[in-house]
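What follows is a set of notes on a single structure, which appears directly below.
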Amino acid sequence: MEIIAFVNNKGGVGKTTCSKLMAEYLSKTKQLRTLCIDFDPQCNFSHQYLQMEIDPAAPEGLIPPIHPDYDIDDPDDEDWDGRSSIAEIFYGQGVVPYPTYVEKLDIAPGHAEKLLTAESVRRSEVVDKVHKQLANFLNSSDVREAYDAVVIDTAPSKGPLTISVIKAANHIIIPSVMEEQPVQGIYGMLQLWMQESLVREKTRPLQLIGILPNMFKQTRLHKDILKSLQDNAAIGKYVLPVKFSQRIVFAEVDAADSTPRSIFDFQEQHVAKNEAMEVCSYIAERIFA
Amino acid sequence: MSKKKRFGISEALTRGLSETIHVVENNAGIFRNIILPLSRIELDPDNPRKLAIDLTDVRQGIRPDDPLYARKQEELEKLKELAHTIKTNGVINPVVVYKRGELYRMVAGERRCLASLLIGKQEIEARVFNEKPKNFELKLIQWVENTAREDLTLAERLDNMRDIIREYQGQHGQVEVTATLIKTITGLSLSQTTYYLTALNAPEDVQVGIQNGSIRNLDKAALIAGVLSSEVRQQLMQACVAGSSLKALKSLINQQKMIKHHQARLSTSKRGRQTAKINMGTTMKAAVIKTIVDCVISKKEYDKYLDIFSRVDWMDLRQTTHAFRKLIELLEVEMVA
């Protein structure tokens, strides 16, 4: 089971869009059993596949809907309120992934309040526990048997949530807009990559697949910054040779009532679909080859 | 016309990014330096040092009924010296550990840890290996750390070397152990490794001498081990205990060699033309001749020749030669008579 995470502590660089495209590529095109995990308290990734709800009692934000398998009359479900998010791992409860409209694609959605609570943990010994929870969950035999790939969308932070993703993942991709501030976000992520790489066993390295230029526009600014990264001997190796261009259609398919719902359902030769295929197949090749 | 604006990432950021990448590329999964609570460190029972004192003794004091009380007490005194320098200067080199469950197992730096505990330190700087180093690497690290130390006995050092060779053979098969091989493994000089090899292959009595401390130096051990005669070895070891220098031991060996050589000569030499007369040989030391002459004329029956030799200047080689020839002539006459 390969665990792929999109990370960058700068917001708005396209982590969610990239996660979504990658997860759909793996499940729809590669026919891999794929689990999406939304580790961002904003729950945008979850919202792509589920009708997230607003709980009046939880003013912090979104909660997952009632699970389709939940049966209020089933004695087995007696102790369950019918909702399940990935944040349950911090509360010692089971995670029940939700099916999505894509056949081989499941999602463990976020839970705004619960994730925020985990993120705000500060006491060192608890932080340590938070850090290891996701890795423990993904190492469980149930999860390993059920899925071939896990795609994790992360919060724009360097806090405990992102660190726990870094600890659980075996591949990370850093999407970035080719502008000064998002590139600074790359630095933050490389620092986490470094800290984790130094403590990991050699046999299970954390692979940095690379920096993925996203929302790329053929402007001097984007071209120059991309070039300056590529031209650096150390950094250049980690700049992916593929990129996502700035295209409104990537945002359009995110709308709830869009048809088709996935870029991969567009007709052949669609420029956005071709680009998504190129980027995702390149990354998949690196990970699954 | 204004120049077209060019964009790029700042120098500081570029540097930060590439430095971070280099750190990972060069060090991922090998080791890292951290400040480690001393309470998380356990000693390695297989460490070649075989220090008697342990964590409990330092934390709780040595129990008076401990069978090793005297030795531990002595070790404790030595640790106090180290503790004093740690107190003033800190631990200069980080200790080396590897993670073993919840604890960290000591690879090198036992004394630094114990001494730090003695002065009430809570943490120590440590180089942490993420995995247990392979047996061979482990021995080598402990070896390297230990060679710099002076308080290891020769027996401990040889044990250490034996362990390294054993681990090396475990990894590479039963290769022949040569001084060059040991040199490659340990990085010591060829002369040192030759000494080690000789000492390692020393005859039983020398091994015992090393174990009981009669022989404390590697070069002396190698020298004695190279001697074939067990009698001579015994003499040499006694000389060692008596504090003879390496030079003194060497001349003792030479002396023994000559005696042996002489004995061998007397019993052989039957080849070649038949010998009709005796060749008296040559010497550059006039004192040798004077000794012979003195010996002869000190005999009562020859004291009549005393006068002849009393005028010889024994510093003059020519006069001495004449004197010696004269002695032979006189004796030949005496023998005929």
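The values are calculated or read from the model by the stated rules, or taken from the named source; none is laboratory data. Just so you know, these numbers come straight off a predicted model, no measurement behind them. In this analysis, Cβ positions are derived from the backbone assuming ideal geometry, glycine residues included, and neighbour counts consider all displayed protein chains.
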Q) Does at least one position in region A:233-247 carry a residue that is surrounded by fewer than 19 Cβ atoms within 10 Å (Cβ to Cβ), in a strand (DSSP E or B) and out of contact with any Gly (no Cβ under 6 Å at 6 or more places or on another chain)? A) yes
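Restricting to region A:225-249, name every residue that is more than 14 Å from B:GLU19 (Cα to Cα) and not aliphatic (A, V, I, L, M).
At the first step, the residues of region A:225-249 found to be more than 14 Å from B:GLU19 (Cα to Cα) are A:225-228, A:230-231, A:239-249.
Listed by number, the residues that qualify are A:LYS227, A:SER228, A:GLN230, A:ASP231, A:PRO241, A:LYS243, A:PHE244, A:SER245, A:GLN246, A:ARG247.
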Q.
So, B:LYS99, is that one charged (D, E, K, R) and over 18 Å from B:ILE41 (Cα atoms) or not?
A. no
Q. Which residues, taken from region B:274-315, are hydroxyl-bearing (Ser, Thr, Tyr) and within 12 Å of B:LEU330 (Cβ to Cβ)?
A. B:TYR302, B:TYR305
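Please count how many residues of region B:197-238 are assigned to a helix (DSSP H, G or I), basic (Lys, Arg) and under 16 Å from the mean Cα position of the chain (by Cα).
Keep residues of region B:197-238 that are assigned to a helix (DSSP H, G or I), which gives B:197-200, B:204-211, B:218-225, B:230-238.
Those still in the list that are basic (Lys, Arg) too: B:220, B:233.
If we keep only those that are under 16 Å from the mean Cα position of the chain (by Cα) too, we end up with B:220.
Selection size over region B:197-238: 1.
Of these, B:LYS139, B:LYS121, B:LYS72, B:LYS87, which one is free of Cβ contacts under 8 Å to residues at least 60 places away in the same chain, touching a helix residue (DSSP H, G or I) at 6+ places or on another chain (Cβ under 7 Å) and not acidic (Asp, Glu)? Spell out how you get there, then give the answer.
Working: B:LYS139 fails: free of Cβ contacts under 8 Å to residues at least 60 places away in the same chain; B:LYS121 fails: free of Cβ contacts under 8 Å to residues at least 60 places away in the same chain; B:LYS87 fails: touching a helix residue (DSSP H, G or I) at 6+ places or on another chain (Cβ under 7 Å).
Just one listed residue meets the conditions, B:LYS72.
Tell me the residue from A:LEU198, A:LEU192, A:LEU212 that is buried (at least 17 other Cβ atoms within 10 Å of the Cβ), more than 7 Å from chain B (Cβ to nearest Cβ) and part of a helix (DSSP H, G or I), please.
Details: A:LEU198 fails: more than 7 Å from chain B (Cβ to nearest Cβ); A:LEU212 fails: part of a helix (DSSP H, G or I).
So the residue among A:LEU198, A:LEU192, A:LEU212 that is buried (at least 17 other Cβ atoms within 10 Å of the Cβ), more than 7 Å from chain B (Cβ to nearest Cβ) and part of a helix (DSSP H, G or I) is A:LEU192.
Quick one: in region B:110-137, which of the residues that are assigned to a strand (DSSP E or B) and not charged (D, E, K, R) is nearest to the other protein chains (Cβ to nearest Cβ)? Walk me through how you get there before you give the answer.
Here is the first cut: in region B:110-137, the ones assigned to a strand (DSSP E or B) are B:123-129.
From what is left, the residues that are not charged (D, E, K, R) are B:124, B:126, B:128-129.
Numbers: B:ILE124: 18, B:ALA126: 13, B:VAL128: 8, B:PHE129: 10 Å.
The qualifying residue nearest to the other protein chains (Cβ to nearest Cβ) is B:VAL128.
Conditions (1) in contact with a Leu (Cβ under 6 Å, 6 or more places away or on another chain); (2) buried (at least 19 other Cβ atoms within 10 Å of the Cβ), marked per residue:
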| position | (1), (2) |
| --- | --- |
| A:THR34 | yes, yes |
| A:ILE37 | no, yes |
| A:GLN48 | no, yes |
| A:ILE63 | no, yes |
| A:ILE66 | no, no |
| A:ASP106 | yes, yes |
(Q) Could you go through region B:96-103 and let me know if any residue there is closer than 30 Å to B:LEU38 by Cα, within 14 Å of chain A (Cβ to nearest Cβ), in contact with a strand residue (DSSP E or B) (Cβ under 9 Å, 6 or more places away or on another chain) and β-branched (Val, Ile, Thr). (A) yes
Q: Sort out which residues of region B:9-30 are of a type in the set (A, V, I, L, M, F, W, C) and at the interface with chain A (Cβ under 7 Å from one of its Cβ atoms), and write them in order of number.
A: B:ILE9, B:LEU13, B:LEU17, B:ILE21, B:VAL23, B:VAL24, B:ALA28
Q. Would it be correct to say that A:VAL143 is away from chain B (no Cβ under 14 Å) and within 19 Å of the chain's Cα centre (by Cα)?
A. yes
Q: Kindly list the number of the only condition in (1) of a type outside the set (Lys, Arg); (2) more than 10 Å from every other protein chain (Cβ to nearest Cβ); (3) surrounded by fewer than 19 Cβ atoms within 10 Å (Cβ to Cβ) that fails for B:ILE41.
A: (3)
(Q) All but one of (1) buried (at least 18 other Cβ atoms within 10 Å of the Cβ); (2) touching a Phe, Trp or Tyr at 6+ places or on another chain (Cβ under 9 Å); (3) not in a helix (DSSP H, G or I) hold for B:LEU158; state the number of the condition that does not hold. (A) (3)
Q. Given the conditions (1) surrounded by 11 or more Cβ atoms within 10 Å (Cβ to Cβ); (2) part of a helix (DSSP H, G or I); (3) at pLDDT 85 or above, which single one is not true for B:LYS247?
A. (1)
Q) Which one of the conditions (1) away from chain B (no Cβ under 13 Å); (2) touching a residue at least 40 places away in the same chain (Cβ under 8 Å); (3) part of a helix (DSSP H, G or I); (4) hydrophobic (A, V, I, L, M, F, W, C) does A:ALA135 fail to meet, given that it meets all the rest? A) (2)
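Can you confirm whether region A:243-263 contains a residue that is away from every other protein chain (no Cβ under 14 Å) and among the aromatic types (Phe, Trp, Tyr)?
Applying the first criterion (away from every other protein chain (no Cβ under 14 Å)) to region A:243-263 yields A:243-263.
With among the aromatic types (Phe, Trp, Tyr) added as a condition, the list becomes A:244, A:250.
Yes, region A:243-263 has at least one match.
Looking only at residues that are free of Cβ contacts under 8 Å to residues at least 60 places away in the same chain and more than 7 Å from chain B (Cβ to nearest Cβ) in region A:173-189, which one is nearest to the chain's Cα centre (by Cα)? Explain how you work it out, then say what you get.
Taking region A:173-189 and keeping what is free of Cβ contacts under 8 Å to residues at least 60 places away in the same chain, we get A:178-180, A:183, A:187.
Checking which are more than 7 Å from chain B (Cβ to nearest Cβ) leaves us with A:178-179.
Working: A:MET178: 20, A:GLU179: 22 Å.
In this case the residue turns out to be A:MET178.
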**Q.** Residue count for region A:145-178, restricted to those that are within 24 Å of A:PHE244 (Cβ to Cβ), in contact with a Lys or Arg (Cβ under 8 Å, 6 or more places away or on another chain) and among the polar types (S, T, N, Q)
**A.** 3
